[in-house]
Amino acid sequence: MNRLLAVILASSLTAPAWAADKDPPKKPAENPEVERMVASFLERFDTNKDGKISKDEAKNRLAEVFDRFDANKDGYLDKEELRRVAAFMIAARGNGPAGARPGNQGADFDDLDRNADGRLTRDELKGTPYADHFDEIDTNKDGKIDKKEFTAYLKKQAEKKD
């Protein structure tokens, strides 16, 4: 009974957030950004091309959140579960300044890495303070920034401030 009450209370608290806009929030499947991210996940991680991602195929941030989003605990993230992952990642990066997590003094590579492939592209850095410094951060000049390059850049910037 307490669980039912909690569900009713939670739903009544979230409804007013979108009622003022008169349109309910888009479901993940209706959000083009979510769909692009799901397609990117499948393209990058679905190595056997079966339309879902196994725990062994998941890498980087997707591997970190795998168990949390494998709703039916079958060891795979299907498209619906991947939509939830994408919606979660999009919502997470919408909190606070681009690339910053609450309580974090610097940028968070994983938040900037929108498609969770372990590399940052120019597109992923658009609108962030790092966009204009892409070429400086990309020290190996491969057109992508890995975590090591990003961390080295942040360290270098911190040393300049000291």
Rounded to one decimal in nm, the spacing of the 7 Å Cα→Cβ label points at LYS155 and ALA63 is 2.2
For the range 42-51, in residue order, the Karplus 3J(HN,Hα) values (coefficients 6.51, -1.76, 1.60; θ = phi - 60°; whole Hz; Gly and Pro = x) are 5, 4, 7, 10, 7, 5, 8, 6, 9, x
Diffing the range 82-88: the Karplus 3J(HN,Hα) column from phi (6.51, -1.76, 1.60, θ = phi - 60°), in whole Hz with x for Gly and Pro, holds 5, 4, 5, 4, 4, 4, 4
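Between their Cα atoms, which of LYS79/LYS155; LYS49/LYS73; LYS73/LYS141; LYS79/LYS147; LYS55/LYS161; LYS55/LYS160 are more than 32 Å away from each other?
Values: LYS79/LYS155 38 Å; LYS49/LYS73 20 Å; LYS73/LYS141 41 Å; LYS79/LYS147 27 Å; LYS55/LYS161 42 Å; LYS55/LYS160 41 Å.
Beyond 32 Å: LYS79/LYS155; LYS73/LYS141; LYS55/LYS161; LYS55/LYS160.
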1/(1 + (r/R0)^6) with r = Cβ-Cβ of ASN72 and ASP123, R0 = 35 Å, i.e. FRET efficiency to nearest 0.05, evaluates to 0.60
Expected unfolding gain across ILE90-LYS148 under the 0.36 nm per residue rule, minus the alpha-carbon gap, is 18.5 nm
Quick calc: nm separation of the 7 Å Cα→Cβ label points for THR47 and ASP135 -> 3.6
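Here, each number is a calculation from the coordinates, and none is a lab measurement. A quick note: this is a predicted structure, and the numbers were derived from the prediction, not measured. Ideal geometry is used to build each Cβ from the backbone, glycine not excepted, and the neighbour counts take in all protein chains shown.
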